[in-house]
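Laboratory data are not the source of any read-out in this text; all were calculated from the coordinates shown. What you see is a predicted model; the values in this text were computed from it and never measured. Positions of Cβ are generated from backbone atoms using ideal geometry, with glycine treated the same way; all protein chains shown enter the neighbour counts.
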Amino acid sequence: MIGSHVWVEDPDDAWLDGEVIEINGEEIKVKCTAKTVVAKTSSSYPKDPEFPECGVDDMTKLAYLHEPGVLQNLKCRYDANEIYVMQKYKGAALGELSPHPFAVADSAYRQMINEGISQAILVSGESGAGKTESTKMLMRYLAYMGGRVSNAEERSVEQKVLESNPVLEAFGNAKTVRNNNSSRFGKFVEIQFDQRGRISGAAIRTYLLERSRVCQVSDPERNYHCFYMLCSARKEDVEKYKLGNPRTFHYLNQSNCIELDALNDSEEYIATRRAMDVVGISEEEQDAIFRVVAAILHLGNVEFSKGQETDASEPKNDKSRFHLKTAAELFICEWKTSNMPLLFRCDEKSLEESLCKRVFVTRDETITKALDPNAAALSRDALAKIVYSKLFDWLVEKINVAIGQDKESKFLIGVLDIYGFESFKTNRCLTGCHLPACL
Ligand SMILES: Nc1ncnc2c1ncn2[C@@H]1O[C@H](COP(=O)(O)OP(=O)(O)OP(=O)(O)O)[C@@H](O)[C@H]1O
Ligand SMILES: [Mg+2]
């Protein structure tokens with residue numbers, strides 16, 4: 001209708017708003033502030049003439065829930081620069097104040113105290129929607145409500161839970177098309193409380209780590225952050241683990257995306273090591289962890305060619321032999337005080353045999369079959385995936401031991417940061433459909 005206000009798409013500014021001044025069949029002429037544009041009626045959206053100047057605090061209050069409307073509201077809220085403080089939400093009824101994770105956490109905490117029933121909060125949404133960041137806010141609020149006064153030397157349970165995030169994200173997050181810090185695993189954080197509503201313990205349970213990413217990455221995504229961090233580590237560490245430019249490693253160079261604008265890998269390496277200190281992972285254990293990470297990179301560079309026997313394989317050249325030898329050396333880790341079950345003793349020869357041969361055990365005998373180069377490369381990738389996922393499980397276990405669980409706790413609040421999913425125009429995919437991709 002002539003005179004009505006609409007949004008039209010613009011190649012520079014995404015969306016422009018203006019008044020319809022002419023209608024020609026399927027096309028409309030719209031007078032915007034800086035220019036007059038012609039657009040298709042089907043790709044224009046109505047604009048709410050009564051949209052409040054500072055936006056609305058709840059998107060469901062928008063008169064029109066379409067992309068330009070949501071973006072306009074986000075811009076207004078961002079410009080308003082409103083700071084949300086936890087104190088304000090304490091005791092406020094749900095819906096009384098602007099929607100925020102603090103409001104949900106407060107409601108869960110109060111219901112737990114008043115009704116004596118454990119609570120669970122499910123954080124759901126598309127990849128990049130902000131689930132992990134919201135989960136951190138929920139945990140911060142629960143720590144604020146149920147935290148104990150701790151002495152300066154000993155860190156409290158809630159501090160340890162919050163500080164474990166950078167460690168988990170270094171090993172379980174990666175850059176994807178939608179999110180530079182996408183969680184590639186599901187996480188259920190259980191905060192345990194005593195009778196008086198004070199935090200007495202916590203446990204982190206993770207599931208479905210996307211293993212395939214370890215050896216398969218496509219443009220414009222990246223492998224797990226820890227690989228790039230280690231390649232950009234301090235010089236002595238890079239030399240110790242015989243690393244270098246990430247572009248020289250097969251598990252990283254399948255994608256052209258190596259550096260990220262907003263992420264400094266060498267700073268992240270330092271921050272991750274610091275977070276590991278705080279969580280209670282010793283220097284020795286940290287070294288073992290990064291040896292495994294480096295060994296996986298070297299393993300990925302082992303290529304195979306045809307061996308002497310039929311259908312057999314062997315490392316392709318001196319370069320492959322070097323990486324095989326280095327991987328074997330890095331995998332050997334043993335120390336007196338700790339017992340790290342994921343690490344194993346291995347030497348170059350036995351590593352080569354385990355990749356180039358398959359052993360079948362029958363009731364009466366053991367048969368060894370040689371593998372062709374393609375099958376050997378698949379064995380190599382399978383080993384990389386299993387070692388990485390065991391490393392991740394070990395890290396989670398270690399963090400849990402450091403945090404400490406309260407087996408006698410009266411109630412708990414669980415926060416589920418669900419595995420992110422992508423919403424496609426066609427082939428809509430539910431979280432469960434990711435299962436095969438993670439195996
Ligand atoms: N409350 C927030 N304040 C500022 N930035 C945020 C907030 N929430 C999310 N972001 C931004 O969006 C990015 C994606 O958020 P987040 O990692 O929480 O998404 P996600 O839903 O967990 O995605 P995935 O399913 O891929 O893990 C963050 O790295 C951050 O840049
Ligand atoms: Mg996430």
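A few remarks follow.
- The chain - percent relative contact order, Cα under 8 Å, separation 6 or more: 17
- Value of relative contact order over the range 204-362, rounded to a whole percent, pairs C-alpha under 8 Å and six or more apart: 17
- Pairwise centroid distance, computed over Cα atoms, of the range 228-292 with the range 90-115, Å: 40
- Relative contact order of the range 5-80, taken over Cα pairs closer than 8 Å and 6 or more residues apart, is 24 percent.
- Pairs from the list K235/K316; K175/K390; K175/K385 with a Cα-Cα gap above 25 Å: K235/K316.
- Tilt relative to the chain, helix 265-279 - C-alpha long axis, 0 to 90 degrees, to 10: 80
- Cα pair distances in the range 130-231, grouped into 10 Å bins until the bin that holds the longest one, percent each: 13, 40, 27, 15, 4, 0
- Put in order of Cβ neighbour count within 10 Å, fewest first, the listed residues D381, D13 become D13, D381.
- Sequence of V70, V361 once ranked by neighbouring C-beta atoms within 10 Å, starting from the fewest: V361, V70
- Taking Cα atoms only, the orientation of helix 67-80 departs from the longest principal axis of the chain by about 90 degrees.
- Entries in K61/K131; K131/K240; K357/K398 that, when Cα-Cα distance is taken, lie over 29 Å: K131/K240; K357/K398
- Rounded to the nearest 10 degrees, the inclination of helix 283-300 to the longest alpha-carbon principal axis of the chain is 90 degrees.
- At 1.002 mPa s and 20 °C, Stokes D of the range 50-130 from Kirkwood alpha-carbon radius, µm² per second: 145
- Size of the range 5-80 as Cα extents on the principal axes (Å, biggest first): 38, 22, 18
- Cubic angstrom per residue, convex hull over Cα atoms of the chain: 222
- FRET efficiency for the A262 to E365 pair, using the beta carbon distance and R₀ = 45 Å, is estimated at 0.20.
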